[in-house]
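A.B. asks: Here it is, the structure in full.
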Amino acid sequence: MPVELNHTIVTAHDQEASARFLADLLGLSVGPPDGPFTPVEVANGVTLAYYDRELDESVPGPRITPQHYAFQVADEEFDAILGRIRAAGLPYWADPHHRTPVEIRTRDGSRAAYFEDPNGHNMEILTAG
């Protein structure tokens, strides 16, 4: 069997609200709780397992370290997601360092936009081009 990414844990202040935020923007569903996690599964079978890191005092270290998550989508989905980002009044940028606000990146026929989730994670939507 080839190696495949199955899931990743996404730390959150409020796992259910964070999972709902992402699912709503991307047009996905939040799955039923899976142990201490709230899952959001993407089309290729990878699950983002949201976890209330702040509630687990047994784990040392910073409560939330912002991470980067990129989602490849079709052109039509990109337009729909960007529309939902704009309708929600969320800031977005054309670059991962958030230096070019209210623009999208275009390169070699692809498009990308970056936005933050409620926990400070840097989310990206991009098309294949």
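A.B. asks: Just name the residue that is least open to solvent (accessible area, probe 1.4 Å) out of those in region 58-69 that are of a type outside the set (Gly, Ala, Ser) and at pLDDT below 95.
C.D. replies: Step by step, filter region 58-69, then rank; the result is ILE64.
A.B. asks: Does at least one position in region 88-110 carry a residue that is in a helix (DSSP H, G or I) and either under 25 Å from GLU41 (Cα atoms) or of a type in the set (A, V, I, L, M, F, W, C) (or both)?
C.D. replies: No, region 88-110 has no match at all.
A.B. asks: Can you tell me which residue within region 14-31, out of those that are in a helix (DSSP H, G or I) and not small (Gly, Ala, Ser), is most open to solvent (accessible area, probe 1.4 Å)?
C.D. replies: Once the filter is applied, the top-ranked residue is GLU16.
A.B. asks: Could you grab the pairs with beta carbons closer than 8 Å, sequence gap of 6+ or different chains, first residue in region 83-105 and surrounded by 11 or more Cβ atoms within 10 Å (Cβ to Cβ), second one in a loop (DSSP other than H, G, I, E, B) and among the acidic types (Asp, Glu)?
C.D. replies: These pairs meet every condition: TRP93/GLU103; ALA94/GLU103; ARG105/ASP95.
A.B. asks: Could you list, in sequence order, all residues of region 31-53 that are within 21 Å of PRO66 (Cα to Cα), at pLDDT 95 or above and touching a Ser or Thr at 6+ places or on another chain (Cβ under 9 Å)?
C.D. replies: Result: PHE37, THR38, PRO39, VAL40, GLU41, VAL46, THR47, LEU48, ALA49, TYR50.
A.B. asks: Give region 70-82 a look and list any residue that's in a helix (DSSP H, G or I) and either open to solvent by 20 Å² or more (accessible area, probe 1.4 Å) or farther than 23 Å from HIS7 by Cβ (or both), or say none.
C.D. replies: The answer is ASP75, GLU76, GLU77, PHE78, ASP79, ALA80, LEU82.
The values are calculated or read from the model by the stated rules, or taken from the named source; none is laboratory data. Note that the structure is predicted; figures quoted are calculated from it, not measured. As a convention, Cβ positions derive from the backbone with ideal geometry for all residues, glycine included, and neighbour counts pool all protein chains shown. Protein only, heavy atoms only, side chains kept; ligands, DNA and RNA dropped before computing areas. Shrake-Rupley method; radii C 1.70, N 1.55, O 1.52, S 1.80 Å.
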